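The values are calculated or read from the model by the stated rules, or taken from the named source; none is laboratory data. Treat the numbers as computed from the prediction; the structure is a model and nothing was measured. Every residue, glycine among them, receives a Cβ derived from its backbone with ideal geometry; neighbour counts consider all protein chains shown. Note: accessible area is taken over every heavy atom of the protein model, side chains too, but ligands, DNA and RNA are not part of it. Shrake-Rupley method; radii C 1.70, N 1.55, O 1.52, S 1.80 Å.
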Amino acid sequence: MQDFSDNPELLLNRKLSDREFDIVASAVNQYIIECSAVTYLNRAEHSVYQLQNKLIKKGFKKRDIEPVIDLLRNLGYIDDKRFADAWLRNRANATTEGYARLYAELKKRGISKAHSIEALKSFFAEHDEKQLCLRATRKQLKKMCVRSKIIQSLQRKGFSYAMAETCLKECGFYKNSIQTLEERYINE
């Protein structure tokens with residue numbers, strides 16, 4: 001195929017062969033996918049998995065998306081490790097969750113085990129999991145009085161049973177079954 005980059009006027013009134021047309025059509029398609037991907041990335045950080053899913057939902061074929069993802073990864077526009085770190089920082093502002101729940105949420109977003117563990121290690125170096133659990137426990141104590149329900153709620157938030165028990169004791173909740181709100185506040 002002839003290179004027309006130095007003299008684009010040679011393309012005027014020239015009929016492309018089927019092969020040349022396919023090459024041009026493929027390049028245009030790649031450009032459209034790149035534009036869509038960069039638009040998504042300008043709005044927010046995305047994992048590779050999330051970006052692929054959004055582009056597929058937009059109607060692009062996976063085989064056409066993969067080269068664009070590789071290009072964006074090589075340019076540093078998309079990085080699962082960076083996404084995991086940013087996602088954990090944002091999540092910590094909104095909720096109080098433990099290691100297990102955060103790990104599961106990262107996995108759901110397509111983050112590899114290695115990137116998840118590395119990001120969580122960094123996150124919990126800055127945030128004490130026990131303090132997060134205490135904060136969640138105090139919040140649950142305002143809503144519920146049944147010990148087993150509070151522990152189940154904390155476990156759903158990703159805290160271990162042992163940590164939930166410890167935090168309940170530190171918050172002054174010692175009984176094995178039900179403690180009324182009046183009893184709780186009289187004991188404080």
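Solvent-accessible area assigned to carbon and sulfur over the chain amounts to 52 percent, based on a 1.4 Å probe.
Full-extension gain between Lys107 and Leu75, please, as 0.36 nm times their residue separation minus the C-alpha to C-alpha distance. Walk me through the numbers before you get to the answer.
Numbers: separation 32, 0.36 × 32 = 11.52 nm, distance 2.41 nm.
Between Lys107 and Leu75, full extension yields 9.1 nm more.
For the stretch 31-100, the square roots of the Cα gyration tensor eigenvalues, ordered a ≥ b ≥ c, give a/c of at least 1.5 with a/b greater than b/c, which places it in the prolate category.
Can you list the DSSP H helices in the chain whose Cα atoms extend at least 24 Å along the helix axis and whose mean Kyte-Doolittle hydropathy is 0.0 or higher? The answer, listed by residue number, is 18-43. Cα centroid separation, the stretch 68-82 to the stretch 84-121: 19 Å. Remark: the chain carries 64 Å² of accessible area per residue (probe radius 1.4 Å; ligands, DNA and RNA excluded). Please give the FRET efficiency for Lys54 paired with Glu170, using the beta carbon to beta carbon distance and R0 = 41 Å, rounded to the nearest 0.05. Taking R0 as 41 Å, the efficiency between Lys54 and Glu170 is 0.40.
When only Cα pairs below 8 angstrom with a gap of at least 6 residues are kept, the chain shows a relative contact order of 16 percent.
Using the rule -39500 (n - 2.57) for each DSSP H run of four or more residues, divided by the residues of the chain, the 222 nm mean residue ellipticity is -22000 deg cm²/dmol. Using only the C-alpha atoms, the convex hull of the stretch 1-140 corresponds to 142 Å³ per residue.
Expressed in Å, the radius of gyration and Dmax of the Cα atoms of the stretch 84-123 are 8.9, 25.
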